[in-house]
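The values are calculated or read from the model by the stated rules, or taken from the named source; none is laboratory data. Fair warning: this is a prediction, and the values are worked out from it, not measured in the lab. Using ideal geometry, Cβ is built from the backbone for each residue, glycine included, and neighbour counts are taken over all protein chains shown. Quick note on the areas: whole protein, heavy atoms, side chains included, nothing else; ligands and nucleic acids left out. Shrake-Rupley method; radii C 1.70, N 1.55, O 1.52, S 1.80 Å.
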Amino acid sequence: MSTQIESRYAVGPNEVKGYDTQQLRDEFLVDKLMQENTIYWLYTHYERFMVGSAVPTSAPLRLETVDNLKAANFLTGRELGVINVGGSGTVTADGEDFQLGYKDALYLGKDTNEVLFTSHDSGNPAKFYLNSAPAHHKYPNKLVTRNDANVLHLGALETSNERDINQMLINTVVQTCQLQMGLTELKPGSVWNTMPAHQHDRRNEVYFYFEVPEQQAVCHFMGEPTETRHIWVHNEQAVVSPPWSIHSGAGTQNYSFIWGMAGENLDYDDMDKYQPSELR
């Protein structure tokens, strides 16, 4: 078993104006997720938010602390959100087993000491997508299946953005300190996500794209509303969105993505929207 971790410092909009394509990708693209037999982490300095993955195959993977945290256990001062995008698996938290099927989620609270990730079938391993944020209070661990999600049906085929937003780890479903997660599924024929685009200066966000077929891609838009940039993203890759940046995307066909965020408040609708006519 191995744990890998990278760290990236925060950058501001003025710096990004001068970035070329590779610099943008190096700073904001997360393209090392879903490595077999590995727990991978990217530690960002936006809200101290961490994005990662765990893909156990032949043996369970143990969530271990990392030097960046200077803590006895990974969750000593953190909370963790998990969404499974692979085969069925089990997350064991302090001896309690949680069974996660495809697109099921799990919240683990502060001070959970031992966490193990296990796949039920090594030939079709679970792919646990992970988000973590600092936490000041311990809330109960809770499994949130797809059937438990609060589902918003938004958009229309006429505007190429008919989609279901599955709100899973949000405060109307589970208690958290600041972490929020959910997944959005675009209907066939729809390609635009999060349009009108928005930003929220009070929290960061990370988009993890999946169910992107081979040879297809998603163009993720970021940057200030009047200084937009783009990053081409492939299956099981993520983009870190700073608080000053919009986040939106268009694919070469329909796809799904997981959104995760943390910051000033737990108000899901706290966002500053920009109509397509306002974007530059």
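In loop segments of the stretch 68-133 as defined by DSSP, the trypsin sites (Lys or Arg not before Pro) with at most 14 further C-beta atoms inside 10 Å of their C-beta are 70.
Over the stretch 1-124, what is the mean sequence separation of C-alpha contacts under 8 Å (at least six apart), divided by residue count, expressed as relative contact order in percent? Provide the component values of the computation, followed by the final result.
Working: 230 pairs, mean separation 27.7, N = 124.
The value is 22 percent.
How many percent of the alpha carbon pairs in the chain exceed a separation of 30 Å?
The answer is 24 percent, as a whole percent.
Chymotrypsin sites (Phe, Trp or Tyr not before Pro) within the stretch 75-142: which are DSSP loop residues with at most 15 other Cβ atoms inside 10 Å?
Details: sites: 98, 102, 107, 117, 128, 129; in loops: 102.
Sites meeting the loop and neighbour criteria: 102.
What shape does the stretch 91-151 have by the C-alpha gyration tensor, where a ≥ b ≥ c are the square roots of the eigenvalues, rounded means a/c under 1.5, and otherwise prolate means a/b greater than b/c and oblate the rest?
Details: a/c = 1.98, a/b = 1.30, b/c = 1.52.
The shape class here is oblate.
Overall, the accessible surface of the chain at a probe of 1.4 angstrom is composed of carbon and sulfur to the extent of 45 percent. What the stretch 54-96 shows is 36 Å² of accessible area per residue, with the surface traced by a 1.4 Å probe over protein heavy atoms.
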